[in-house]
Structures are given as C-alpha cells and as structure tokens.
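J.: Below you will find the structure I want to go over with you.
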Amino acid sequence: MDLLHLFKLQKELDERILKEHNLEPKKLLKEKTLALLVEIGELANETRCFKYWSTRPSSERDVILEEYVDGFHFILSVGIDLGVDKNFLFYKCAHANKTTVQTFLDVYARVIRFHDQPSITNYIELFTSYLRLGQALDFSQEDIERAYLAKNEVNHQRQTQGY
Ligand SMILES: O=c1ccn([C@H]2C[C@H](O)[C@@H](COP(=O)(O)OP(=O)(O)OP(=O)(O)O)O2)c(=O)[nH]1
C-alpha cells in the first residue's frame, strides 16, 4: 500500500471539501472523531459480528470493504491534521489473536484515546488497530488500497454534484 500517495489524495479531497463548504482550514478533530466512530459502527453493523441473537448473514464483502475505507479516509485525514502525512512509514502489524468483536472494541478505545491526547504515538496505535481490524475482516492491503481509491473518486464526484 502506497501510504504516502493515499495521504496525498486524502489531502486533496479534504482541501476540496473545505473549499466547497466554505469552511476555514481549521482542524475538525471533534467532527472527524465522531465521523470515524460512526463509520466504525456502520462497519460493525454490516459485519453483524456482534449480533449473537441473529442468524442472518453479514453483508457482501464489497459492502463491508466500502465501510472500512470510509473509516480509513477519516484516519488519514486526522493524520494530515496531525502533520504526519509526509513521512509516515508503516510496515506490517503482527496478527493479534483476538475475536472480531474485541478488535472492534480495541479500535474504539484507540479512537477515544487519540481524541483525548492527539499525540503521534496515539495516532500510530490508532492506525495499527485499524489495520488489525482490516486483517480480522480478511482484507489485504491491496484490497484496502483499491477500495480506498474507488471511494476517494466517489467522494470527489459527490463534491462536484454539490453533495
Ligand atoms: O473531510 C472529509 C470529510 C469526509 N470525507 C469522506 C470520508 C468518507 O469516505 C465520506 C463520508 O462517509 P459516507 O460516504 O458514509 O458519507 P455519508 O454522507 O454518511 O453518506 P451515506 O449516507 O452514503 O453513508 O467522506 C473525507 O475524506 N474528508
């Protein structure tokens, strides 16, 4: 996954959204944090991993992947606001032997911790937990990159259409 390229595309999208909505280039950490928490909830809903009371199957893989990359957009976006986008290197994160439910809860905890204390260390922890979630959902880095690029394009089209 070419992360520096994804950060660059994210920056272009974020700047465009600010411009189209006449927003000051102020940081929107609270809004982005809530947006990310909502996206993670939508993602969990599509997987149905916590719905022990139901036998209905999860959504299609592509639907789950699209929800996943919505959250990834916001993670990249807060990384840009933090100033790590130009030199952020990330290799592999070890596979953690946890249930999908626990992996979701870990991501929520990391989001809140980063919000309360937006340090680079807490950002890396958040980023790692989100990639672990991707692994738990069986997405390769190539899957994530391809789906990110597709959704980034959709987000630009939405701005063109006055979304
Ligand atoms: O500053 C921003 C704001 C939004 N986004 C992206 C992230 C995500 O990919 C999308 C917002 O999520 P979604 O597509 O779910 O938006 P929605 O308005 O909730 O649409 P829907 O009703 O289709 O879920 O916009 C950014 O990249 N940067």
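J.: Mind listing which GluC sites (Glu not before Pro) in the stretch 31-61 are in a DSSP loop and have 14 or fewer other Cβ atoms within 10 Å? Numbers along the way, then the final one.
T.: Numbers: sites: E31, E39, E42, E46, E60; in loops: E60.
Of the GluC sites (Glu not before Pro), the ones in loops of the stretch 31-61 whose Cβ has at most 14 other Cβ atoms within 10 Å are E60.
J.: For Q117 and E31, what is the calculated FRET efficiency with R₀ set at 22 Å and r taken between the beta-carbons, to the nearest 0.05? Walk me through the intermediate numbers first.
T.: Working: r = 18 Å, r/R0 = 0.82.
With R0 = 22 Å, the Cβ-Cβ based efficiency is 0.75.
J.: At 0.36 nm per residue, minus the direct Cα-Cα distance, what do R56 and D2 gain on full extension? Give it in nm, one decimal, please. Don't jump to the answer; show the numbers that get you there.
T.: Numbers: separation 54, 0.36 × 54 = 19.44 nm, distance 3.62 nm.
Stretched out fully, the R56 to D2 stretch lengthens by 15.8 nm.
J.: Let me ask something else about it. Taking 0.36 nm per residue of sequence separation and subtracting the Cα-Cα distance, how much length would be gained by fully extending the chain between E20 and N97, in nm to one decimal?
T.: 23.4 nm
J.: Are there DSSP H segments in the chain that both extend 20 Å or more along their axis (alpha-carbon positions) and score a mean Kyte-Doolittle hydropathy of at least 0.0? List them, or say none. Could the numbers behind the result be given before it?
T.: Details: long enough: 3-20 (25 Å, -0.38); 29-47 (27 Å, 0.22); 61-82 (31 Å, 0.68); 100-116 (24 Å, 0.17); 120-136 (24 Å, 0.28); 141-160 (28 Å, -1.68).
Span-like helices, by this rule, are 29-47, 61-82, 100-116, 120-136.
J.: Rounded to whole Å, give me the distance from the Cα center of the stretch 5-64 to that of the stretch 122-163.
T.: Answer, in whole Å: 8.
J.: For each pair in K11/K51; K26/K86; K8/K30; K11/K98, compute the distance between the two Cα atoms and list the pairs where it is over 25 Å. Mind showing how you got there, number by number?
T.: Values: K11/K51 36 Å; K26/K86 19 Å; K8/K30 22 Å; K11/K98 33 Å.
Beyond 25 Å: K11/K51; K11/K98.
J.: Still on this structure, please answer the following. Given all pairs of different Cα atoms, what value in angstroms does the Kirkwood hydrodynamic radius of the stretch 3-160 take?
T.: Working: mean 1/r = 0.0620 Å⁻¹.
The Cα-based Kirkwood calculation yields 16.1 Å.
J.: To the nearest 0.05, what FRET efficiency results for R48 and A150 with a Förster distance of 30 Å applied to their C-beta separation?
T.: Working: r = 23 Å, r/R0 = 0.78.
According to the calculation, E is roughly 0.80.
J.: Starting with the highest mean, order 96-102, 126-132 by the number of other Cβ atoms within 10 Å, averaged over the residues of each peptide. Display every interim value, and only then the final one.
T.: Details: 96-102: 11.7, 126-132: 21.1.
Highest to lowest by the protection proxy: 126-132, 96-102.
J.: Which of these, G79, G41, G134, has the largest mean-square fluctuation under a Gaussian network model of the chain (Cα springs below 10 Å)?
T.: G41
Read-outs throughout are calculated quantities, based only on the coordinates presented, and are distinct from any laboratory measurement. Quantities reported herein were computed from a predicted structural model and do not represent experimental measurements. Virtual Cβ from ideal backbone geometry, glycine too; neighbours counted across all protein chains shown.
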